Amino acid sequence: MTAEFTLRPLEPADSASIARLRDETPDTGTIAFKSTFLHDPYELVMNALPNSTGVVAQASDYEGIVGLGLLRFGEARYEGETRPYAYLNGLSVHPNYRRKGIASALAHWRVEKAKEKFGERVVIYAGVQSNNDGSFGAAKGWSQQQIDRTRVGAVSVRTQPPTALDGWEVRTINPADYEQVAQRQNSFYQDFNFYQPYTADQLHAWLEHKLVGINAHTYYVAVNREGHIGAGIGVYREGEFSRLTLVKMPAFMRVLNAFLKVIPSDGVMKRAVIKNYWFENPEIGNYLWETVRWLCRDTATNLMIFYDRNPLPKFEEAIKFPRLSVKATGSLVVSAPVPMSEERPIYFDM
């Protein structure tokens, strides 16, 4: 069954409608949140991830928009070579207009836009949280492969600094570090699908990226006395631009959270989203991770990271999540001219 709806490109005048749609359309996964924007919604959804475009759905009997889909373009490593990619994200369909073909239409629009831009060489993919039946249903129309290894880990910020690691300190990156960090980060992720290698200039540009005039990113490094950098973490300070409010969580997770306190008691999360996390060994990686939990305490309630559950090196050896910590799982759905090997690890930049 289809609804009477039309699609058109996302426009700056849609800001108020984006905010309303996100407020009325929480996630449909196992753990569900709704977004609240602290600044202009159009700028945030379009510029949080550069090289993005968007599409909206309008219905004849509703004022505003009833659906939204975002699309990011770029180039990344895929099965050993650099290929153009299109990442489908930000899918929202108003609860009153679901199961009417809107999600599939939004997906089709974005897939066609990707092929129009890059041709048949393009790799198209999206991340889907477990139990998000609507997104999985929409993906069936365009994807060829599903990899069930996505893990989303969240921890609260620290209220006390971690124990020092002898011979190491954590500080923000400086320009003299850019070349070393870019090389070491690229080496760490060299075999990962969907990783885009950085140059020193590209790392600098990432650090200079602004949203509503505010620098959105920070990069921390662990450095020894000889100036050797042994680990790095990029942070997207999402909590300065938007908040997540808990709508739904399974009962057993609520019980766990009462003890673990990963999600604040008021249900409102200010996230510091981890990007480009790498380390030369788990001990140094863990020291950097724990220190960043402390350093983010004034601007975030939580650190959040998206990662592959099964790669080497294993992120959980460095992060050391509590055994009963709250973690969500998901899948990557892919359409590509070359199938994605199950053995190759996956880089997530959600």
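The values are calculated or read from the model by the stated rules, or taken from the named source; none is laboratory data. Keep in mind that what you see is a predicted model, and the values were worked out from it rather than measured. In this analysis, Cβ positions are derived from the backbone assuming ideal geometry, glycine residues included, and neighbour counts consider all displayed protein chains.
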When the stretch 15-32 is examined, which residues are found to be at pLDDT 80 or above, touching a helix residue (DSSP H, G or I) at 6+ places or on another chain (Cβ under 6 Å) and of a type in the set (S, T, N, Q)? S15
Return only the number of the condition from (1) within 21 Å of the chain's Cα centre (by Cα); (2) in a helix (DSSP H, G or I) that G153 does not satisfy. (2)
Quick one: which residue in N224, N215 is surrounded by fewer than 18 Cβ atoms within 10 Å (Cβ to Cβ), farther than 30 Å from P84 by Cα and either out of contact with any Ser or Thr (no Cβ under 9 Å at 6 or more places or on another chain) or among the hydroxyl-bearing types (S, T, Y) (or both)? N224
Can you name every residue in the stretch 103-133 that is surrounded by fewer than 19 Cβ atoms within 10 Å (Cβ to Cβ) and of a type in the set (G, A, S)? S104, G119, S130
From the list V333, V262, V273, pick out the single residue that is in contact with a helix residue (DSSP H, G or I) (Cβ under 9 Å, 6 or more places away or on another chain), surrounded by 17 or more Cβ atoms within 10 Å (Cβ to Cβ), hydrophobic (A, V, I, L, M, F, W, C) and not assigned by TED's automatic domain parsing to the domain that holds F192. V333
Scan the stretch 114-125 and give yes if some residue there is outside the structural domain of F315 (by TED's automatic domain parsing), part of a helix (DSSP H, G or I) and more than 22 Å from M340 (Cβ to Cβ), otherwise no. yes
Select from the stretch 190-214 the residues that are in contact with a helix residue (DSSP H, G or I) (Cβ under 7 Å, 6 or more places away or on another chain) and of a type outside the set (A, V, I, L, M, F, W, C) and list them in ascending order. P197, Y198, T199, H204
Which one of the conditions (1) closer than 28 Å to M340 by Cβ; (2) not in a strand (DSSP E or B) does G232 fail to meet, given that it meets all the rest? (2)
Count of the stretch 77-97 residues which are in a strand (DSSP E or B), in contact with a strand residue (DSSP E or B) (Cβ under 7 Å, 6 or more places away or on another chain) and surrounded by fewer than 17 Cβ atoms within 10 Å (Cβ to Cβ): 1
Among the residues of the stretch 188-215 satisfying the criterion of being in a strand (DSSP E or B) and farther than 12 Å from P50 by Cβ, which is nearest to the chain's Cα centre (by Cα)? Y195
So, restricting to strands (runs of 3 or more DSSP E) that lie completely within the stretch 1-70, which ones have at least 1 residues that are among the basic types (K, R) and surrounded by fewer than 19 Cβ atoms within 10 Å (Cβ to Cβ)? 5-9, 32-37
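Can you find a residue in the stretch 144-152 that is under 30 Å from E342 (Cβ atoms) and touching a Lys or Arg at 6+ places or on another chain (Cβ under 6 Å)?
Kept after step one, since they are under 30 Å from E342 (Cβ atoms), are these residues of the stretch 144-152: 144-152.
Next cut, touching a Lys or Arg at 6+ places or on another chain (Cβ under 6 Å) only: 149, 151.
There is at least one residue in the stretch 144-152 that is under 30 Å from E342 (Cβ atoms) and touching a Lys or Arg at 6+ places or on another chain (Cβ under 6 Å).
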Considering every residue within the stretch 299-313, establish whether at least one is out of contact with any Cys (no Cβ under 6 Å at 6 or more places or on another chain), over 15 Å from A154 (Cα atoms) and modelled with pLDDT of 90 or more. yes
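With respect to W142, determine if the residue is in the same structural domain as V56 (by TED's automatic domain parsing), buried (at least 17 other Cβ atoms within 10 Å of the Cβ) and in a helix (DSSP H, G or I).
For W142, the condition - in the same structural domain as V56 (by TED's automatic domain parsing), buried (at least 17 other Cβ atoms within 10 Å of the Cβ) and in a helix (DSSP H, G or I) - is not met.
Taking the conditions exactly as written (in contact with a strand residue (DSSP E or B) (Cβ under 8 Å, 6 or more places away or on another chain) and within 30 Å of A251 (Cα to Cα)), does T53 satisfy them or not? Working first, answer last.
Numbers: in contact with a strand residue (DSSP E or B) (Cβ under 8 Å, 6 or more places away or on another chain): yes; within 30 Å of A251 (Cα to Cα): no.
No.
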Could you figure out which of (1) more than 25 Å from I147 (Cα to Cα); (2) in contact with a helix residue (DSSP H, G or I) (Cβ under 9 Å, 6 or more places away or on another chain); (3) not acidic (D, E) isn't true of R297? (2)
